[in-house]
Amino acid sequence: MSLERYLKYFHTVRYLKVQQVFGRVTRRFKKVNTTPVAGLVLREPVKSFTPVRLSKRSMYEKGCFVFLNETGMPVDWNDPQLSKLWLYNLHYFDDLNSADAPSRYDQHKELIRKWIEENSPVFGNGWEPYPVSLRIVNWIKWFLYHGHAEQSHLSSLGLQSKVLMQT
């Protein structure tokens, strides 16, 4: 590391309390528990749920997404050719609750299945706290609106919630 980088760390850390430094170090090396959450079931909602559809459509033909005025067809959920912010948007799943989302139910269901299958727990951009927190909310809204979630969806949602609590 260069001297500039050491100085940057020094100037950042010097204002922290010992407890804060200790907390940062222990969190950095803490192993996240990824054992699956068992026995989750989707209960019948008390009232019908109609989500507010504020998001713009971001998913177009299969595999084509538009975020930040950039169109991309990512081969990988963590494609190094794409910016981190663009990938974060991919992992948010905002399109599930966009204006014309109900007409793309099958595409969304396939996208969720693909995400679960291709994103190993706690690896990659999709497992960082901010994308996880937004994705959880978007998935829950989508499941409530459609009134159906497969067991694999619920298990993944439970695991994501568990990971978020530990980060």
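Starting from segment 89-113, keep only residues that are in contact (Cβ under 8 Å) with a residue 24 or more places away in the chain, then list their pairs with residues that are surrounded by 21 or more Cβ atoms within 10 Å (Cβ to Cβ) and of a type in the set (Ser, Thr, Tyr) whose Cβ atoms are within a distance under 6 Å, requiring at least 6 positions of separation or different chains. Going by the 6 Å Cβ cut-off, there are no qualifying pairs.
Does residue 107 qualify as being closer than 20 Å to residue 154 by Cα and either of a type in the set (S, T, N, Q) or in contact with an Asp or Glu (Cβ under 8 Å, 6 or more places away or on another chain) (or both)? In short, yes. Scanning segment 103-136 for residues that are surrounded by fewer than 14 Cβ atoms within 10 Å (Cβ to Cβ) and over 25 Å from residue 80 (Cα atoms) returns 103, 106. Close contacts from segment 124-153, counting a first residue that is outside any helix (DSSP H, G or I) and a second that is crowded, with 16+ Cβ neighbours inside 10 Å and of a type in the set (S, T, N, Q), with Cβ to Cβ under 6 Å and a gap of 6+ residues or different chains, come to 124/78.
Pairing each residue of segment 8-35 that is under 17 Å from residue 166 (Cβ atoms) and touching a residue at least 12 places away in the same chain (Cβ under 8 Å) with any residue that is of a type in the set (A, V, I, L, M, F, W, C) and part of a loop (DSSP other than H, G, I, E, B), provided the two are 6+ apart or on different chains, yields C-beta distances under 7 Å for 32/122; 34/122.
All of the numbers you see were taken from the coordinates with simple rules; none came from a lab. Quantities reported herein were computed from a predicted structural model and do not represent experimental measurements. With ideal geometry, Cβ positions are generated from the backbone for all residues, glycine too; neighbour counts draw on all protein chains shown.
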